[in-house]
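All of the numbers you see were taken from the coordinates with simple rules; none came from a lab. From a predicted model like this one, the values you see are computed outputs, not experimental measurements. Reconstructed Cβ throughout: ideal geometry from the backbone, glycine too, with neighbour counts over all protein chains shown.
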Ligand SMILES: CC(C)(COP(=O)(O)OP(=O)(O)OC[C@H]1O[C@@H](n2cnc3c(N)ncnc32)[C@H](O)[C@@H]1OP(=O)(O)O)[C@@H](O)C(=O)NCCC(=O)NCCS
């Protein structure tokens, strides 16, 4: 079984990530996840990747470079594959990208009530900032400074 991250380059790629991961998108109320909204995110500079196990899409992963930071967010892991450590692979992916790009910080956004993500973030050395984002203040910001 092979884990990989694949960049969405075309509308067809975006559509296939949305189609194969629709449960995770609908279980991730942090952001608006329609095809049009995802296209807007991409137009706004977010790079979209799929996390794949062999040919299966397990999650959608976004990042964007801003100043000296890598801004990051992702959908939930596909429900059938939660509990297998795939979210650690996403964190490692973000860290590798940030280091390769010579960035100083990783910023991660997640929903205010995603407490399992809180533990995950803490275990990877992120600290929660006081910022609340999103239209209802439901998105919180985490920050990790790289050595
Ligand atoms: C929570 C989530 C990030 C975990 O990803 P995963 O790949 O399934 O993670 P795993 O169960 O393998 O655990 C990875 C880490 O997440 C954290 N975690 C997972 N389950 C946890 C729990 N019940 N309590 C606390 N921390 C937990 C831990 O840090 C864990 O690391 P460890 O196993 O080394 O201790 C992911 O499943 C997710 O986003 N789920 C949906 C969240 C949700 O409920 N969304 C809807 C409302 S926002």
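Counting neighbouring beta carbons within 10 Å and listing from fewest to most, the residues 108, 124 come out as 124, 108. Among beta bridges from DSSP that stay inside the range 3-145, the antiparallel ones total about 90%. Average 1/r across all pairs of distinct alpha carbons in the chain, invert it, and you get the Kirkwood radius: 15.4 Å. Extending 7 Å from Cα along the Cβ direction at residue 3 and again at residue 88 yields two label points whose distance is 0.8 nm. Computed over the chain with a Gaussian network model linking Cα atoms closer than 10 Å, the most mobile of 55, 98, 89 is 55.
Between residue 80 and residue 123, the modelled labels are 2.4 nm apart [label points 7 Å from Cα along Cα→Cβ]. Using Cα pairs under 8 angstrom and six or more residues apart, how large is the relative contact order of the range 3-145, in percent? This gives 20 percent for the range 3-145. Taking the number of Cβ atoms within 10 Å of each Cβ as an exposure proxy, the fewest-first ranking of 87, 119 is 119, 87. How would the range 30-106 be classified by its alpha-carbon gyration tensor: rounded, prolate or oblate, with rounded meaning a/c under 1.5 and the a/b versus b/c comparison settling the rest? Oblate, because a/c is 1.5 or more while a/b does not exceed b/c.
Calculate the FRET efficiency for residue 143 and residue 39 from the Cβ-Cβ distance with a Förster distance of 25 Å, rounded to the nearest 0.05. According to the calculation, E is roughly 0.35. Dividing the summed -39500 (n - 2.57) terms of all DSSP H runs of n ≥ 4 by the residue count of the chain sets its mean residue ellipticity at 222 nm at -9500 deg cm²/dmol. As a proxy for reagent exposure, ranking 34, 72 by other Cβ atoms within 10 Å from fewest up yields 34, 72. One chain, two ends: residue 100 and residue 13. Fully extended at 0.36 nm per residue, the span grows by 28.9 nm beyond their Cα-Cα distance.
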